[in-house]
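First up is the structure itself, then whatever we jot down about it.
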Amino acid sequence: MLDPLRILQRCDALARHSELKDGLTRVFLSAEQKQANALVLGWMREAGMRADVDAIGNVAGRYEGERPGLPCLMLGSHLDTVRDAGRYDGMLGVITAIECVHALNAAGRRLPFAVEVLGFGDEEGVRFGTTLLGSRAVAGTFDAKTLQAVDAAGTTLEQALRDFGLDPARIPAVARRKGEVLAYAELHIEQGPVLEAEELPVGVVTAINGYSRYAVSLTGVAGHAGTVPMRLRRDALAGAAECALAVERVASALPEVVGTVGWLQTKPGAINVIPGEVHFTLDLRAPKDELRLAALAELRAAFEGIAAARALVLTMRELQSFGVTPCAERLMAQLDAAVAAEGLKPRRLPSGAGHDGMAMQAVADVCMLFVRCKHGISHNPAESITAEDAATGARVLMNFIEKFKP
Ligand code: GLV
Ligand code: MN
Ligand code: MN
């Protein structure tokens, strides 16, 4: 029997492992993640799985099929969060998957395939600025150069892994081979308002939008805020402000393209100093790769024009880019059938947010089930879902697992 209340209670329990006293922030390879991993390991084992933490810090559980060693249906999501996060983004998918395995085990059921559940250690990329480290290790696309990425304190990923008690040399062994994973299926909150507007508790994802992420810097000349006349300034922040407005203008002009400057730092950063340097991020997404690349080219030209007009030096460094990840039609059809089995109208929709499936597609076909969230709010402590919707999502996932055909 599925226990939807336990799903929500477990989301609450994980939310207590946070570096914020009055909110939720849990970044990759933190002390809080170690505590969260221990909880999830315990739940997986209680659900009848063999479970362990792998070399990149994912929690990985396996429930054998009718005989040991069969290829698996892989379920999962992530256990890290953004800063001041909600408690369902990522965690809901891991906990619901464990709940489904718990129900299979309680009924003594074995399927013609194994079921694996992954709680990925890094999807959000908050700590090292590069996302999907957990799922890329499993998909075999982890780039060893990333081990030299540093966090805000200057700690390399390599050192952080060691401090967490992990051996970076073992990361390649985390990779799964094609054929071992029959499909990757992820339940996730929608993080948008479409399902709520249509009064539907769940939806089936058609594709995950692609994205480009850049670190941008503008350098001018720092100077005295009282003495330098306006016409003689090379103010990097005024240039960055124009760039942010260019992002808004370019993204708004192209259908379904979204662009965000989510982080910005001025240097030296004092009330009486003209900003000599500004660093900011660009996050650009679209459901079609050609649209995203067109927006990127237009923005690059706009940034160059702004920098030239203001005598600023511009640098743009790509942090990460992913093309659109299509979900497999045969898997979407199986999810549609599981939705219909609940007496609900199957509804397909794209995902504007990034997900572990973007990495997992390198090793297996992927699909996703979205669960409605209140007012479409996410990446926000106000993120919320109802117990009824959590229950519906769990029943649909269970039905999908039970009837799954590779
Ligand atoms: C992850 O949540 C992202 O889409 O940024
Ligand atoms: Mn997120
Ligand atoms: Mn997520």
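What is the number of the single condition among (1) under 25 Å from residue 406 (Cβ atoms); (2) open to solvent by less than 70 Å² (accessible area, probe 1.4 Å) that residue 319 does not meet?
Every condition holds for residue 319 apart from (1).
Keeping to the range 78-93, report how many residues are touching a Lys or Arg at 6+ places or on another chain (Cβ under 9 Å) and either on the phi > 0 side of the Ramachandran plot or more than 8 Å from ligand 2 (Cβ to nearest atom) (or both). Break it down stepwise before answering.
Here is the first cut: in the range 78-93, the ones touching a Lys or Arg at 6+ places or on another chain (Cβ under 9 Å) are 79-81, 85, 91.
Then drop every residue that is not either on the phi > 0 side of the Ramachandran plot or more than 8 Å from ligand 2 (Cβ to nearest atom) (or both), which leaves 79-80, 91.
Count: 3.
Is it true that some residue in the range 294-317 is without any contact (Cβ under 8 Å) to a residue 12 or more places away in the chain, closer than 26 Å to residue 363 by Cα and either aliphatic (A, V, I, L, M) or not in a strand (DSSP E or B) (or both)?
No - not one qualifying residue is present in the range 294-317.
Taking residue 365, is it among the acidic types (Asp, Glu) and within 12 Å of ligand 3 (Cβ to nearest atom)? Step through it out loud before you land on a result.
Numbers: among the acidic types (Asp, Glu): yes; within 12 Å of ligand 3 (Cβ to nearest atom): no.
When the stated conditions are applied, residue 365 does not pass them.
Could you check the range 48-84 and list, in sequence order, the residues that are within 16 Å of ligand 3 (Cβ to nearest atom) and either open to solvent by less than 10 Å² (accessible area, probe 1.4 Å) or without any contact (Cβ under 8 Å) to a residue 40 or more places away in the chain (or both)?
Once the filter is applied, which keeps residues that are within 16 Å of ligand 3 (Cβ to nearest atom) and either open to solvent by less than 10 Å² (accessible area, probe 1.4 Å) or without any contact (Cβ under 8 Å) to a residue 40 or more places away in the chain (or both), the range 48-84 yields 58, 59, 75, 76, 77, 78, 79, 80, 81.
Residues being part of a loop (DSSP other than H, G, I, E, B), of a type in the set (Gly, Ala, Ser) and within 13 Å of ligand 3 (Cβ to nearest atom): count how many of those fall in the range 341-362.
Residues meeting the conditions: 3.
Output the residues belonging to the range 196-216 that are in contact (Cβ under 8 Å) with a residue 60 or more places away in the chain, within 16 Å of residue 343 (Cα to Cα) and not small (Gly, Ala, Ser).
Result: 198, 200, 201, 202, 204.
Name the residue that is most open to solvent (accessible area, probe 1.4 Å), counting only residues in the range 271-290 that are under 22 Å from residue 231 (Cβ atoms) and not acidic (Asp, Glu).
Out of the qualifying residues, it is 271.
For the range 85-185, list the helices (runs of 4 or more DSSP H) that sit wholly inside it and hold at least 3 residues that are at pLDDT 95 or above, under 15 Å from the mean Cα position of the chain (by Cα) and within 16 Å of ligand 1 (Cβ to nearest atom); which are they? Reasoning before the result, please.
On the way: elements: 91-106, 133-139, 157-163.
Of the helices (runs of 4 or more DSSP H) lying wholly inside the range 85-185, those with at least 3 residues that are at pLDDT 95 or above, under 15 Å from the mean Cα position of the chain (by Cα) and within 16 Å of ligand 1 (Cβ to nearest atom) span 91-106, 133-139.
Can you give me the number of residues within the range 375-406 that are more than 16 Å from ligand 2 (Cβ to nearest atom), open to solvent by 10 Å² or more (accessible area, probe 1.4 Å) and either assigned to a strand (DSSP E or B) or touching an Asp or Glu at 6+ places or on another chain (Cβ under 8 Å) (or both)?
So the count comes out to 4.
For the range 217-232, how many residues are touching a Pro at 6+ places or on another chain (Cβ under 8 Å) and free of Cβ contacts under 8 Å to residues at least 60 places away in the same chain?
1
So, residue 140, is that one away from ligand 2 (no atom under 16 Å from the Cβ), touching a strand residue (DSSP E or B) at 6+ places or on another chain (Cβ under 7 Å) and within 21 Å of residue 365 (Cα to Cα) or not?
Considered against the rule, which asks whether it is away from ligand 2 (no atom under 16 Å from the Cβ), touching a strand residue (DSSP E or B) at 6+ places or on another chain (Cβ under 7 Å) and within 21 Å of residue 365 (Cα to Cα), residue 140 comes out as no.
Do you know which residues across the range 11-43 are open to solvent by 10 Å² or more (accessible area, probe 1.4 Å), touching a Leu at 6+ places or on another chain (Cβ under 8 Å) and more than 17 Å from residue 58 (Cα to Cα)?
13, 15, 18
For the range 186-199: of the residues being under 23 Å from the mean Cα position of the chain (by Cα) and in a loop (DSSP other than H, G, I, E, B), which is nearest to ligand 2 (Cβ to nearest atom)?
Step by step, filter the range 186-199, then rank; the result is 191.
Taking the range 184-233 only, how many residues are at positive phi and open to solvent by less than 50 Å² (accessible area, probe 1.4 Å)?
Counting residues in the range 184-233 that are at positive phi and open to solvent by less than 50 Å² (accessible area, probe 1.4 Å) gives 1.
Tell me whether the range 266-286 contains one or more residues that are more than 30 Å from residue 370 (Cα to Cα), modelled with pLDDT of 95 or more, assigned to a helix (DSSP H, G or I) and not aromatic (Phe, Trp, Tyr). Quick ask: steps written out before the conclusion?
So the first thing to find is which residues in the range 266-286 are more than 30 Å from residue 370 (Cα to Cα), and the list is 266-280.
Pick out the ones that are also modelled with pLDDT of 95 or more and you get 266-280.
Filter once more, so that each one left must be assigned to a helix (DSSP H, G or I): none.
No.
Kindly provide the set of residues from the range 331-362 that are buried (at least 21 other Cβ atoms within 10 Å of the Cβ), in contact with a Phe, Trp or Tyr (Cβ under 8 Å, 6 or more places away or on another chain) and aliphatic (A, V, I, L, M), ordered by number.
335, 338, 358, 360
The values are calculated or read from the model by the stated rules, or taken from the named source; none is laboratory data. Every value quoted in this text rests on a predicted model; they were computed, and no experiment measured them. For neighbour counting, all protein chains shown are included, and Cβ atoms are generated from backbone atoms with ideal geometry for every residue, glycine included. Side chains are part of the model used for accessible areas, which takes the heavy atoms of the whole protein and leaves out ligands, DNA and RNA. Shrake-Rupley method; radii C 1.70, N 1.55, O 1.52, S 1.80 Å.
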